[in-house]
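Here the structure is laid out as structure tokens; the discussion comes afterwards.
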Amino acid sequence: MTPLRTWIIWALAAAGAALAGFWLARQLDIDRTAPQLASGTWLPQPRPIPDVQLTDHGGRPFSAADLKGHPTLVFFGFTHCPDVCPTTMAQLAQIKAAAALPDLQVLLVSVDPERDTPETLERYVHAFDPDFIGLTGTPQAIEELTSAMGVAVARTELPGGDYTVDHSAAVFLLNAQGQMVGVFTPPFDVSRFAEDLRRAAPHLGV
């Protein structure tokens, strides 16, 4: 191999290494900009959610347009839930107060639309916070939303003709564009969760 060819190979290798280093540095810079959450997971890319037509606790239509302009916490549950739901809703009220994020809205999306009428949801969510929003809809709309957001839901028949609904207990964080950007899984620590929301605030578009 001639000295000139050797020099060219080394020059190309050096240029490739420099480009690789530049790319890696850019990737690390991107990673460093993402909030480091103590009690949840920040998604690598925002995820859109389907624009399903729901009904809020006041009987008004609710769609993806109502998510714009607000950071949002979304929890899927139901008013007949004996333990996980009331516990989580009480914690979300404490988290919302502790985080003190402007315009933060908290949604309870019912996984039991058969029993959770708007009136039932209004009494339920406002027992925890007067600004909480309860949402219901057709079984098809609820199923489309839970499937898109990765929420497991299963109806279990009980003796005597009653039933309960098993469901995932995660809380989802949406940015001000209505995109899912974070997921929090139980058990929830109020102070750490609130601190995570404050840390994420600059990335929520508000």
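The values are calculated or read from the model by the stated rules, or taken from the named source; none is laboratory data. Just so you know, these numbers come straight off a predicted model, no measurement behind them. All Cβ positions, even for glycine, are placed from backbone atoms using ideal geometry, and neighbour counts span all protein chains on display. For accessibility, only protein heavy atoms count, side chains too; no ligands or nucleic acids. Shrake-Rupley method; radii C 1.70, N 1.55, O 1.52, S 1.80 Å.
With Val153, Val181 as the choices, which residue is open to solvent by 50 Å² or more (accessible area, probe 1.4 Å), closer than 15 Å to Val74 by Cβ and touching a residue at least 40 places away in the same chain (Cβ under 8 Å)? Quick ask: steps written out before the conclusion?
Numbers: Val181 fails: open to solvent by 50 Å² or more (accessible area, probe 1.4 Å).
From the options Val153, Val181, the qualifying one is Val153.
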Selection from the stretch 162-178 of residues under 14 Å from Val111 (Cα atoms) and either in contact with a Cys (Cβ under 6 Å, 6 or more places away or on another chain) or open to solvent by 70 Å² or more (accessible area, probe 1.4 Å) (or both) yields Asp166
Pairing a residue in the stretch 104-125 that is more than 14 Å from Asp56 (Cβ to Cβ) with any residue that is of a type in the set (D, E, K, R) and open to solvent by less than 20 Å² (accessible area, probe 1.4 Å), where Cβ atoms lie under 8 Å and the two sit 6 or more apart in sequence or on different chains, gives none
Looking at the structure I just gave you, is Ile95 at pLDDT below 95 and of a type in the set (Val, Ile, Thr)? no
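Results for (1) over 21 Å from Arg192 (Cα atoms); (2) in contact with a helix residue (DSSP H, G or I) (Cβ under 8 Å, 6 or more places away or on another chain), shown as yes or no for each residue.
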residue	(1), (2)
Thr88	no, no
Ala98	no, yes
Leu135	yes, yes
Met149	yes, no
Problem set entry | Residue check, Arg192 within 30 Å of Thr33 (Cα to Cα), at pLDDT 95 or above and not β-branched (Val, Ile, Thr) | yes
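One line per residue, one yes/no per condition, for (1) surrounded by fewer than 19 Cβ atoms within 10 Å (Cβ to Cβ); (2) touching a strand residue (DSSP E or B) at 6+ places or on another chain (Cβ under 9 Å); (3) of a type in the set (Ser, Thr, Tyr):
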site	(1), (2), (3)
Cys81	no, yes, no
Val106	no, yes, no
Pro113	no, yes, no
Tyr124	no, yes, yes
Gly134	no, yes, no
Pro139	yes, no, no
Leu145	no, yes, no
Gly160	yes, no, no
